Each structure stands twice: as C-alpha cells, then as structure tokens.
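The values are calculated or read from the model by the stated rules, or taken from the named source; none is laboratory data. Because the structure is predicted, anything quoted here is derived from the model rather than measured. Here Cβ is always computed from backbone atoms with ideal geometry, including for glycine, and neighbour counts include all displayed protein chains. For accessibility, only protein heavy atoms count, side chains too; no ligands or nucleic acids. Shrake-Rupley method; radii C 1.70, N 1.55, O 1.52, S 1.80 Å.
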Amino acid sequence: MQKLSAINYIKNNKHRVAVLIVSLGLCFIAVYLTKFLLSTTEETFSTICLKNTKKIQYIGITESSLGLNSHEYSEEDLEAAVKEKNLEIAEKLKSEKGVEQVYYAQIIYNMIVPAIGNMTVEIPCVDKEEVPIILNHFNAKLIRGRLPQNSGEIVLDKKSMQNGGFELNGYFREDDYQKNYVIVGVVDCDLYFGCGIKSEIQNQNNMLTVLSDGSIKDINAVIHKYGVEQTELTVDYKWGKQFVKSDIKDIIDNSTKVIYMAIMIILSLSIFIVYTMYLRDRHNEWCLYCSIGYQRKEIYFSILRELLFTFGMAFVLGGIVVFILVNLLDYVMIEPLGIKCRYFLPETIAEIFCSYVLILGMLHIPVRFALYKIRTIDAIDDDLY
C-alpha cells in the first residue's frame, strides 16, 4: 500500500498550513528582535566597561587616604596639596609593569544612550602636548576638524558625536558644563573616546588617569602598594566586569525571560486551540484511511511529517525575515544613533528552537486523542443501524 503523503495534504490545504507557519514565524521574529534591541544596551555598555577600561583606568583618591585633613587647609591650599600628593603617586605608578603613562587629569563625562538606559564615558582633559599621546594610545585618527589647541577644547569619536547629537565647533553638553568645552575635532576610533585640554574656568573632578597596555585588570591592587587604603572612585576592568554582569546582563536577562515567557504562553495556547480545531475537521479523512487498510501508526507518522514541515518552514522563514530586519534596523536606527549591536544571538536561536520542540510536543496531545477516536466506516455504520 502506498505511504500516506504529507505533501499532498499541505498542497491541498495551503491556507491552514500557512496560518501555523506564519504564527510560529512571528514568534521567532518577536523573540529575536526583542533580544536584539535589548542587546544594543548590553553591547554598547560592554564596550565602555570592558574594552575602554583595558586601555585606560581612573582613580579618585579620598583626602584622608592622602593623609590630608580638609579642616587644616583653605580651599585653594587643599586643592594644591591634593594635586601634589596625586602627582607623587602618579610618578610611582609610571614604574609599574603595564603602565604606559599617568596623568592627573581633569575629567568630564559624555553620556551614551542606547535603546534602554544610559552610560557615562570619562573624557580626560590634560595639557596640550599630552593630547596626541592619548590619541595614539587609543589608535584614534582625526577625520574632521582639528586637534585641541586651547583651553577647554576637546575631540570626540564619531559614534559619540552621533549619539549625543553634537556638532563640530559646538559646545559640549552645554546644560551641564555651560560653555566651558568646545568640540573642535572628530576622530575615528573603535571605542567611545574623547580627550581635550583642561578648562581654566572649570577646575574640579580631577583624577589619576592611567594609560596601560591592557594587562592591568585591578588598579586598586596596584595603588594599594603606595599606602592608598581607600579610593573614592575606581574605573577599571574589574569594576567593569562586575558592573556588566550585575547591572546590565542580569537585569536584561530577567526582562527578556518575562517577555519570552509571555510570548510563548500566548502562542502555545493559540496554536493548541487552532490545531485542535483543524484535527476535528480531519476526523472523517482518517476514518476513511483506516477503513481502506491504513494503520493508526501510518496516519500518525503522516501527521508528524506535516508538523515537522510546518515547524521547519516557520524556523527557516522566520530566520530569513529576522536577518533582513536586523540589517534594516542597524542601518536606519542603530548606526545613526552611534550605538553597537550584535547580529547573531546563538543563545536566543537555541531558546526558540527549544520552544518549537516544546510546542511540537504539546500538539501530540490532541493528535493522540484524535487518533484514538478513529473508527472504520463499518463501525460507524453499525452505530447508525
């Protein structure tokens, strides 16, 4: 006897099969795009916290750790004493392995805003002759404007300019820094980057700035060698790694789990109900197959092949649509905003595949129940007479 063909049913019932394929495909697209858009936050912040901090570290040292009592100094004298102590430590740090240069720099902050949240990036402002050294350390190339020459002039990387909506020769974050800093140049750099010359008007928030070769992960362990017991603020790879995990990755993962579960519950119930209705309409068809000699096992495998085709097509078509959409979103939204993203999310694809397997398993319940109710034509006639 000829094997039951799943393709014949699919050809003759394109509308019904298409409904299931579209539903499953939309699930793929919704889950993947949600994770993709949220990944812009994780990828952008990871660049700042994990890649920037390998190149440069910042240390803010408390006055007490420097052995200074603020009550014993006037404001100007305290500032001078803090600077002198920091410069002494800076000279000692220069002898450490992996340290290329140390500055007591004036720090201002740029704000990077992805799809969700925001993150600050430190911009060291130093003396004029030190600006090219920092640019070279970050492998940053000037592409527009000029290098800083005067007090309060800075350069920013292209992505930071796009994200902040800054203009060349415009003021930098005027609401926060008034007109103390002017953007005179744009650089091309793989990282979020900025540097400039100290402002004579604004002289606050000075920190030790360490340029390193990437081998220094914990700058606190280094600074403690010189009697500094407590730092007010430390920005290094160790801090960045912990921040990314606890304040970014864990939070995003929890959010996506809630969204993912909501989508899967709604989809599973909808497909379960729709497919159960389809099975009821096919009851007479299967009774006929059984009457002409087909066993329930053969009918079952025919249904299974239909389902595998449906789920396989949904997975493939969903992947194709997602590929097109992520490229489109990158072009029209992500790149113009100057943020980063990751196209390929293997863990999300694995989750979607597992959810398909789960739904496929759930659909076996109405299939087995429908097969159990199959009766031959003779048995049906006996009931009628």
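Outside any strand (DSSP E or B), in contact with a helix residue (DSSP H, G or I) (Cβ under 8 Å, 6 or more places away or on another chain), surrounded by fewer than 22 Cβ atoms within 10 Å (Cβ to Cβ) and among the aliphatic types (A, V, I, L, M): is that true of A115 in this structure?
Answer is yes for this residue.
Residue pairs, Cβ under 8 Å, 6 or more apart or interchain, first in region 57-71 and of a type outside the set (D, E), second surrounded by 12 or more Cβ atoms within 10 Å (Cβ to Cβ) and modelled with pLDDT under 70. List them.
none
Could you pull out the residue among G240, G318 that is under 28 Å from G214 (Cβ atoms) and in contact with a Cys (Cβ under 9 Å, 6 or more places away or on another chain)?
Of the residues listed, the single one that is under 28 Å from G214 (Cβ atoms) and in contact with a Cys (Cβ under 9 Å, 6 or more places away or on another chain) is G240.
So is N52 assigned to a helix (DSSP H, G or I) and more than 28 Å from S268 (Cα to Cα) or not? Give the derivation first.
On the way: assigned to a helix (DSSP H, G or I): yes; more than 28 Å from S268 (Cα to Cα): yes.
The answer is yes for N52.
Looking at region 338-378 only, could you name the residues that are surrounded by 13 or more Cβ atoms within 10 Å (Cβ to Cβ), part of a loop (DSSP other than H, G, I, E, B) and among the hydrophobic types (A, V, I, L, M, F, W, C)?
I339, C341, L345, I374
Have a look at I143, I133 and point out the one that is over 30 Å from T256 (Cα atoms), surrounded by fewer than 22 Cβ atoms within 10 Å (Cβ to Cβ) and touching an Asp or Glu at 6+ places or on another chain (Cβ under 8 Å).
Exactly one of I143, I133 is over 30 Å from T256 (Cα atoms), surrounded by fewer than 22 Cβ atoms within 10 Å (Cβ to Cβ) and touching an Asp or Glu at 6+ places or on another chain (Cβ under 8 Å), namely I143.
In region 253-277, which residues are under 18 Å from A18 (Cα atoms), of a type in the set (V, I, T) and surrounded by 13 or more Cβ atoms within 10 Å (Cβ to Cβ)?
If the condition is that a residue be under 18 Å from A18 (Cα atoms), of a type in the set (V, I, T) and surrounded by 13 or more Cβ atoms within 10 Å (Cβ to Cβ), then I271, V274, T276 are the ones that fit.
Hey, does region 71-88 have a residue that's within 30 Å of Y343 (Cβ to Cβ), open to solvent by less than 30 Å² (accessible area, probe 1.4 Å) and aliphatic (A, V, I, L, M)?
The answer is no; no qualifying residue exists.
Going through region 153-187 one residue at a time, which ones are among the hydroxyl-bearing types (S, T, Y) and either open to solvent by 60 Å² or more (accessible area, probe 1.4 Å) or without any contact (Cβ under 8 Å) to a residue 24 or more places away in the chain (or both)?
Listed by number, the list holds a single entry, Y171.
From the list K225, K241, which residue is touching a helix residue (DSSP H, G or I) at 6+ places or on another chain (Cβ under 7 Å) and more than 25 Å from L142 (Cβ to Cβ)?
Sole residue among the options that is touching a helix residue (DSSP H, G or I) at 6+ places or on another chain (Cβ under 7 Å) and more than 25 Å from L142 (Cβ to Cβ): K241.
Hey, among V222, V228, which residue is open to solvent by less than 10 Å² (accessible area, probe 1.4 Å) and out of contact with any Pro (no Cβ under 8 Å at 6 or more places or on another chain)?
V228
Condition first: surrounded by 19 or more Cβ atoms within 10 Å (Cβ to Cβ) and under 14 Å from the mean Cα position of the chain (by Cα). Now tell me which residues in region 36-63 satisfy that.
F36, L38, S39, T40, T41, E42, T44, F45, S46, T47, I48, C49
Taking P132 as meeting all but one of (1) under 34 Å from the mean Cα position of the chain (by Cα); (2) part of a helix (DSSP H, G or I); (3) modelled with pLDDT under 90; (4) not aromatic (F, W, Y), write down the number of the exception.
(3)
Name the residues in region 138-176 that are in contact with a Pro (Cβ under 9 Å, 6 or more places away or on another chain) and assigned to a loop (DSSP other than H, G, I, E, B), would you?
Selection gives L147 alone.
Give me a count of the residues in region 132-147 that are on the phi < 0 side of the Ramachandran plot and in contact (Cβ under 8 Å) with a residue 40 or more places away in the chain. Walk me through how you get there before you give the answer.
Looking only at region 132-147, we keep the residues that are on the phi < 0 side of the Ramachandran plot, and these are 132-138, 140-144, 146-147.
Filter once more, so that each one left must be in contact (Cβ under 8 Å) with a residue 40 or more places away in the chain: 133-135, 137-138, 140-144.
Total meeting the criteria: 10.
Does region 177-195 contain any residue that is part of a helix (DSSP H, G or I) and modelled with pLDDT under 90?
There is at least one residue in region 177-195 that is part of a helix (DSSP H, G or I) and modelled with pLDDT under 90.
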